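No value in this document is a laboratory result; all are computed from the given coordinates. Here the structure is a predicted model, which is why all the values come from computation and not from measurement. Heads up, the Cβs are rebuilt from the backbone with ideal geometry, glycines too, and the neighbour counts pull from every protein chain shown.
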Amino acid sequence: MANFRFKALEIAQSRQALPVTPPAERVGDYYGSNTFNNEVMRALLSPEAYLKITEAIETGGRIDREIADEVANAMKAWAVSKGATHYTHWFQPLTGETAEKHDAFFDITMDGKAIEKFKGGALVQQEPDASSFPSGGLRNTFEARGYTGWDPSSPAFLMDNGAGGKTLCIPSVFISYTGEALDYKTPLLKALAALDKSATAVCQYFDRNVTKVTATLGPEQEYFVIDKALFYARPDLVMSGRTVFGHSPARGQQLEDHYFGTIPPRVNAFMVDFEFEAMKLGIPVRTRHNEVAPGQFEVAPTFEEVNLAIDHNALLMDLMEKVAEKHNFKVLFHEKPFAGINGSGKHNNWSMGTNTGVNLLAPSTKPKESLRFLTFLVNVVKAVHDNADLLRASIASAGNEHRLGANEAPPAIVSIFLGESLTKALEDLEVKSEISLNKGDNVYYKLGINRIPSLLRDNTDRNRTSPFAFTGNKFEFRAVGGGANSSSTMIVLNSIVANQLNQFKQDLDARLAAGEKKELAIVDILKKYYTDTKRILFEGNGYSDEWVEEAARRGLSNIKSSPEALEVYLKPESLELFEKLGVLSHAEVESRYEIELEKYIKKVQIESRVMGDLAMNHVVSTALKYQNKLAETARSLVDLGMTEEAEPVKDLIREISRRVLTIKNNVHEMTETRKKANNLGNTADTAKMYATDVKDFFDVIRYEVDKLELIIDDEDWPLVKYREMLFVK
Ligand code: ADP
Ligand code: MG
């Protein structure tokens, strides 16, 4: 087995960077070339169909059958001309992966000839045989079938399927026959529509020209890259996406030199390659750089409308995995693949923009717009404050549980960073709203609102330790897991902000009806919101132990385990919120909760099994062999009359015995605990038992195994070591 490790190392070390050539000289020549985008549609569709489609994209409306037929024809012609042989509805089931079911573009006729087929019906609706996707009991309750339907707001695209052919992928929703959502996209679109409605209504107090508000997302994606041979020499990485054992390397990230270092050539070639492919798919990838941990990197696209940004992120992750294969790498999106160094997040940069081109979270130099900015800002703060536990639930997963609160990662406490000057401006508001206005007074001037933008411009302070940070013209939710589909979080964030804006409108309308002056009423409401919610604002080091204590004093939640976090979805307030906004029905929320729990149980169960297997079949067996070698050495020494010199060797033998025994006992007990957990007969109880009783064994077993790694001869150690996985490139 140790041979396997050295063979893998030899292979990894002998690899060279692959040459990569750009698809064309100018980006403009290939950007979006693999998408059925606006330009293509304009060229291939009749003016009438084009108009109908763009309308449907704008308003989320339906398209009739005739138009669908025309679009399907155009799409097929375009795809076939580019080498496509198949088409598929591409969707995001609740497994967290993307799914596709490929159908050929042609039918075989009675006389055995192939004819091309792809009609409007196949475009807007496809029935995948999807009975194995999780539905949390929904499909049993309602109807056994699920179908997928085209989401015209996200362009269809071509994917190379490896063997030469290409597949036309049609971004789709996935719903049960009776209309219940079985995917991430359906409720996301509903949450975004709810936000549009309520944010537009609030914008109307400031500018009548605003008729649409679009939520925007720029997800920064962190990931690790390791050589393929080394990856396959680590069964834990293969099975669970993370290393369950491994002693920290002598050089970890203490020096932080990787962060500023140059990107290794092989990795660079991989990045350039997947960026070209991403550009062809119209994914606006923009930055690439090293992250803090060795072997860790980041890719960030330019922000887009949320639904599109999420499709693009899911697609990008797929693409990266495929391209990595070509470069003999494996990409790890797991939130915590290596203990003791940074994990990977997906920072969700989020804001809202109007059809008039205004970013609602960007401070403006115009006083009236400043008040609008404050209105949206404070409402977001209140939404997050009032629903912090729901946001926490939206990022709960087995993987993220290892990351939150660990090395260089946001804690499980939701807090908001606004920056010193903005906080000061809000504090001022608290005092200033008491002022009385005289005739002729400029209300903005008197309230000091005109000074906010200049305050902000001077202040570029950053806080990298806050889970939810205001970064000048957007919020950045940093606690989202690297492997997650951002939809869970975006469904919650956009829903709670929509709900809060509705509340604000109600509060304001009541005051306006009572004859209050608009600007003063707004400021007074904002002041009240601020006072009620400011305990969630935190400017200090979010990674410190002091903050954990301080947050507890402030009464903020710190929900560490996923099953506990997920329970918040079932609270009556949560169910009511989603239902009121038309985002998710009670049954849909309940099914999602059930699915998340099941995913959690499976993941922890796999980790636990892999751990037991590696501990017994790789580590303990190696330890015993090494112990034999030591025993021979000790015997030889005694034979030579060197009894004293044999003592340290005997000590080592004793230490190994002790550690082996602890490992063996704990693996046995862990297995017994798993059995108990599995037999509880209730998903929630099982999940909780996995989160505590089963997971408690992880650290104990790992501690002993990592100690053995330090004792046993490097030549004999079977598992690729941290320093090898992280530094061999
Ligand atoms: P930073 O240096 O703070 O990380 P960047 O300008 O690099 O800031 O942006 C990080 C991410 O935030 C990028 O994906 C970017 O497109 C995104 N972003 C910028 N403005 C917005 C916005 N208005 N809405 C959503 N995301 C945004
Ligand atoms: Mg950032």
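Classification of the range 52-105 by its C-alpha gyration tensor yields an oblate form. The axis ratio a/c (a ≥ b ≥ c) is 1.5 or more, and b/c is at least a/b. Of the beta bridges in the chain, as assigned by DSSP with both residues counted there, near 85 percent are antiparallel. A viscosity of 1.306 mPa s and a temperature of 10 °C, combined with the Kirkwood radius over C-alpha pairs in the Stokes-Einstein formula, give the chain a diffusion coefficient of 56 µm²/s. Taking label positions 7 Å along the Cα-Cβ direction at both Arg286 and Phe4, the computed distance is 4.4 nm, reported to one decimal. Rounded to the nearest 0.05, what FRET efficiency do Phe727 and Arg464 give with R0 = 35 Å and r taken as the Cβ-Cβ distance? Could you check? Efficiency, from the Cβ-Cβ distance: 0.90. The distance linking the range 679-729 with the range 190-215 is 49 Å (Cα centroid to Cα centroid, whole angstrom).
One chain, two ends: Asp509 and Leu51. Fully extended at 0.36 nm per residue, the span grows by 161.1 nm beyond their Cα-Cα distance. Debye-formula intensities of the range 1-106, expressed as log10 I(q)/I(0) at q = 0.10, 0.14 Å⁻¹, are -0.53, -0.81 (one equal scatterer per alpha-carbon, no solvent). Taken over the range 493-580, the alpha-carbon convex hull comes to 137 cubic angstrom per residue. Here the gap between Glu546 and Glu655, fully extended at 0.36 nm per residue and compared with their Cα-Cα distance, gives a gain of 35.5 nm.
For the range 343-423, the extents of the C-alpha atoms along the principal axes are 45, 27, 23 Å, listed from largest to smallest. Taken along the Cα-to-beta-carbon direction at a fixed 7 Å, the label points for Ser364 and Tyr30 span 4.1 nm. The angle between the Cα long axis of helix 65-81 and the main principal axis of the chain comes to about 50°, on a 0 to 90 degree scale. Taking every alpha-carbon pair under 8 Å whose residues sit at least 6 apart, the chain reaches a relative contact order of 16 percent. Remark on His347: its backbone amide H falls under 5 Å from those of Glu220, Glu222, a criterion applied only to residues 5 or more positions apart or on other chains, H modelled at 1.01 Å from N.
Note on Ala684 and Ala17: the extension gain reaches 235.3 nm, defined as 0.36 nm multiplied by sequence separation minus the Cα-Cα distance. Using only Cα atoms and rounding to the nearest 10 degrees, what angle (0 to 90) does helix 2-14 make with the longest principal axis of the chain? Helix 2-14 and the main axis of the chain meet at about 50 degrees. Once the Cα atoms are used to define both axes, helix 420-432 deviates from the longest principal axis of the chain by about 40 degrees.
Can you return the lysines within cross-link range of Lys721? Criterion is Cα-Cα under 18 Å, with same-chain partners fewer than 8 residues away left out. Qualifying lysines at Cα under 18 Å: Lys7, Lys228, Lys330, Lys336, Lys707, Lys729. Separation of the range 301-341 and the range 480-537, taken as the distance between their Cα centroids, equals 33 angstrom.
Amide H contacts for His289 (H built 1.01 Å from N in the peptide plane; partners 5 or more residues away or on another chain; cut-off under 5 Å): Glu298.
The alpha-carbon positions of the range 598-727 define a convex hull whose volume is 102 Å³ per residue.
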